[in-house]
1. So which of Asp66, Asp60 ends up being open to solvent by 40 Å² or more (accessible area, probe 1.4 Å), over 28 Å from Phe133 (Cα atoms) and acidic (Asp, Glu)?
2. Considering only residues of the stretch 114-163 that are more than 20 Å from Arg47 (Cα to Cα) and among the small types (Gly, Ala, Ser), which is nearest to the chain's Cα centre (by Cα)?
3. Checking the structure you have, find out if any residue of the stretch 141-159 is in contact (Cβ under 8 Å) with a residue 40 or more places away in the chain, among the charged types (D, E, K, R), open to solvent by 30 Å² or more (accessible area, probe 1.4 Å) and touching a helix residue (DSSP H, G or I) at 6+ places or on another chain (Cβ under 7 Å).
4. Counting only residues that are in a loop (DSSP other than H, G, I, E, B) and in contact with a helix residue (DSSP H, G or I) (Cβ under 7 Å, 6 or more places away or on another chain), which one in the stretch 40-55 is nearest to His73 (Cα to Cα)?
5. Give Leu215, Leu180 a once-over and let me know the one that is in a helix (DSSP H, G or I) and either closer than 19 Å to Trp113 by Cβ or not small (Gly, Ala, Ser) (or both).
6. Taking the residues in the stretch 183-195 that are out of contact with any Asp or Glu (no Cβ under 8 Å at 6 or more places or on another chain) and open to solvent by less than 20 Å² (accessible area, probe 1.4 Å) as candidates, determine which candidate is modelled with the highest pLDDT.
7. If you take the residues in the stretch 6-30 that are aromatic (Phe, Trp, Tyr) and touching a Ser or Thr at 6+ places or on another chain (Cβ under 8 Å), which one is surrounded by the fewest Cβ atoms within 10 Å (Cβ to Cβ)?
8. If you go through the stretch 31-57 one residue at a time, how many are without any contact (Cβ under 8 Å) to a residue 12 or more places away in the chain and open to solvent by 70 Å² or more (accessible area, probe 1.4 Å)?
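The values are calculated or read from the model by the stated rules, or taken from the named source; none is laboratory data. Keep in mind that this is a model prediction, so the values were computed, not measured. Here the Cβ positions follow ideal geometry from the backbone for every residue, glycine too, while neighbour counts run over all protein chains shown. Accessible surface is based on the protein model in full, side chains and every heavy atom, while ligands, DNA and RNA are left aside. Shrake-Rupley method; radii C 1.70, N 1.55, O 1.52, S 1.80 Å.
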Amino acid sequence: MAAPMELYCWAPGWGLPSVDPDCLTVLTYARFTGAPLKVHKIANPWRSPSGTLPALRTKDEGVLSDTQQIITHLRKQKFNADYDLSARQGADTLAFVSLLQKKLLPVLIHTFWVDAKNYVEHTRKWYAKAIPFPLNFFLPVRMHKRQLERLQMICGENFLENEEVLEKELYREACECLTLLSQRLGRQKFFFGDSPASLDAFVFSHLAPLLKAKLPNGKLQQHLKTLPNLCNYCMTILSLYFPWDEGDPPPVVPKAATGDEAEEDPYKRRNQILSVLVGLAAMIGYAFLSGIVSVQRQVPSQLRPRAINLEEEEEEEEE
């Protein structure tokens, strides 16, 4: 029997099987199609074979890290959630996925990573708690920087020059997007009837974090909650396809490694030690560069008279 494909994704939290929208998209699509995946839900992206999440380790194509590439690979393996869709429904899928990327994704990045109150009290707090020490000191900051760069690519280089205007525009377009999705869904169970498709995986993964996260500043969240069919849609997918996957990651219980585990990852202990050493080196380097720690060289007091004598001898030689 061939080895199953391995999926590495962010750990669960906020009542969701994964807190990351991209990871949630892949997980949901795999559940829709019944793809046989060995899932590793982790809180350290450095344990992923690509160093990023999500990542799919395959037999034929190596490691895939792009969400769309992962879904395309699953389709090639005969796990196609869109098999029964018509040409028009396929076109609608492309159009709505593009709408999500342009109108809803930017405001999700802004809500979780740019809004100061949400970032400090919710997003950074969760990741700092979930990511193992000492990586939790600098990985959330690194992730924050990447999300800002991602938003910059969408909104332009000067997107933070007038943040208040940007925020109003992003939220206006996002509200319009949510309303349009609500109208398109109507009273249906899924967007194309009684069976889920890839569009449902994308929509769910963008809506569920916004619905379930306990945000201090939840303006768009409040608008979503005024659309009951979208809220019920998210809860239906959670209950049908992730009945045991909700909640925060369970506490880590130490256990002795079995022979199979040792064979599967013989360098696990070494990688853990290297991660700790790299984290410590990064923190020490940051402390020196930022001026938090400085080293001042002082001459021992017992050597000072000797230094004076040497100076006196040199002066006498010059005379």
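1. Numbers: Asp66 fails: over 28 Å from Phe133 (Cα atoms).
Every option except Asp60 fails the conditions.
2. Per the stated criteria, the residue is Ala116.
3. Yes: the stretch 141-159 contains one or more residues that are in contact (Cβ under 8 Å) with a residue 40 or more places away in the chain, among the charged types (D, E, K, R), open to solvent by 30 Å² or more (accessible area, probe 1.4 Å) and touching a helix residue (DSSP H, G or I) at 6+ places or on another chain (Cβ under 7 Å).
4. Looking only at the stretch 40-55, we keep the residues that are in a loop (DSSP other than H, G, I, E, B), and these are 43-44, 48-54.
If we keep only those that are in contact with a helix residue (DSSP H, G or I) (Cβ under 7 Å, 6 or more places away or on another chain) too, we end up with 43-44, 51-54.
Details: Ala43: 25, Asn44: 24, Gly51: 20, Thr52: 18, Leu53: 16, Pro54: 14 Å.
Residue satisfying both the conditions and the ranking: Pro54.
5. Numbers: Leu215 fails: in a helix (DSSP H, G or I).
Going through Leu215, Leu180 in turn, just one is in a helix (DSSP H, G or I) and either closer than 19 Å to Trp113 by Cβ or not small (Gly, Ala, Ser) (or both): Leu180.
6. Ranking the qualifying residues of the stretch 183-195, first place goes to Leu185.
7. Going through the qualifying residues, I end up with Tyr8.
8. Taking the stretch 31-57 as the starting set, the residues that turn out to be without any contact (Cβ under 8 Å) to a residue 12 or more places away in the chain are 51.
Filter once more, so that each one left must be open to solvent by 70 Å² or more (accessible area, probe 1.4 Å): none.
The total comes to 0.
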